[in-house]
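Below: the structure, in structure tokens.
The values are calculated or read from the model by the stated rules, or taken from the named source; none is laboratory data. Just so it is clear, the model here is predicted, and its values are computed rather than measured. Methodologically, a virtual Cβ is constructed for each residue, glycine included, from the backbone with ideal geometry; neighbour enumeration extends over all protein chains shown.
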Amino acid sequence: MSAENNPIHAGKGLHVLAALGFAGKSAVLDTARPVFTVGLPLLTGAACTELWLSPVPVNYGKYASINYSENGTVLFGHLLLEEADFPDFRVASQVAYQHVFELLKRAGYPYLLRMWNYFPAITVQQGELNRYQTFCLGRQDALDAYGNFDYSPPAATAIGTQQAGLQVYFLAAKSAGMQLENPRQTSAFLYPRQYGPVSPAFSRATVKDWGQGKHLYISGTTSIVGHETLHIGNPVAQLDETLRNLEALLEHGDDTLGLPIRSVRGLTQLKVYVHDPASLPVIQAALDGYLAASPVHVLYLQGDVCRAELMVEMEGIYA
């Protein structure tokens, strides 16, 4: 299994698990396969298609709201729900994850490795909670009914979009990955209750040994040390703190799990979510200087982070 940024056609001997692009609107582009756009505008560079590829033939299917692919070892799924079809956002989030858990049980892929969650107005207050906290409640409702990840939650990202729709896509496997936490950060599932009535259910990263090499899936990472936000109002300082967090995670992973990389510069891909496009030039200049001549592929996307005071978030993949 590999993730690549290429045209939608797979190379010789490879088969498409999923293909996704980035645009102003989320959309299902193929009703038979996980081919879709994520509702986050690309802030710089040419449009690209992110391909998830398999070295063996792929089967495609649909369950409830999910289009999925699987190859006997890994399953990739995608769903896009309209909030208007549900009584409230908590129920929509619960149903989305209920469909995910039901599919994984039916298909025989019990181990979630990586989740991506995108929805609008992520920090907007609705009653006593903001929408990210409400999303966490809906996800927890599904977890309470279908099992709590056996205390090993997947890596995950949750980012706010500018248009309607709850979009979730995910990677699951027949065998478990290894959870990786960051020594500089409180584990998200141990956050104090000041951040919401239930803790966010994700690991800082997941390491998966596919037999022919290890892949690393890093969760959305920000300028949080312990559980507190740092450098409010300063996007470059927040970027620098985020990079320190990523480097600490990779050093810890190398020591404990034998990762083949020790630095952000060794990653295959970075996604950088930028809250305010006006801050892109200084963020991009700082990151370009940090990466130097590294071959890591960087995507800059406009998206809102789950805390209003956070201006930038980064995630990464090593394949």
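Among the candidates ASN59, ASN71, ASN67, the residue that is buried (at least 21 other Cβ atoms within 10 Å of the Cβ) and either closer than 22 Å to ASP144 by Cα or touching a strand residue (DSSP E or B) at 6+ places or on another chain (Cβ under 7 Å) (or both) is uniquely ASN67.
Residue under question is LEU104, and the condition is that it be part of a helix (DSSP H, G or I) and touching a strand residue (DSSP E or B) at 6+ places or on another chain (Cβ under 8 Å); does it hold?
Details: part of a helix (DSSP H, G or I): yes; touching a strand residue (DSSP E or B) at 6+ places or on another chain (Cβ under 8 Å): yes.
Yes.
For GLY13, are the conditions met, namely being touching a Pro at 6+ places or on another chain (Cβ under 8 Å), surrounded by fewer than 17 Cβ atoms within 10 Å (Cβ to Cβ) and at pLDDT below 95? Criteria met by GLY13. Scan the range 135-173 for residues that are modelled with pLDDT of 95 or more, in a helix (DSSP H, G or I) and either charged (D, E, K, R) or buried (at least 23 other Cβ atoms within 10 Å of the Cβ) (or both) and the total you get is 5. Taking the numbered list (1) over 30 Å from ALA176 (Cβ atoms); (2) at pLDDT below 95 in turn, ASP276 passes all entries but (2). Within the range 190-207, count every residue that is in contact with a strand residue (DSSP E or B) (Cβ under 9 Å, 6 or more places away or on another chain) and either small (Gly, Ala, Ser) or surrounded by fewer than 23 Cβ atoms within 10 Å (Cβ to Cβ) (or both). Matching residues across the range 190-207 total 7. Pairs are defined by a Cβ separation below 7 Å, a sequence spacing of at least 6 or placement on different chains, a first member in the range 219-231 that is closer than 23 Å to LEU267 by Cβ and at pLDDT 95 or above, and a second member that is of a type in the set (Asp, Glu) and part of a strand (DSSP E or B); the pairs so defined are SER219/GLU315; GLY220/GLU313; GLY220/GLU315; THR221/GLU313; THR221/GLU315; THR222/GLU313.
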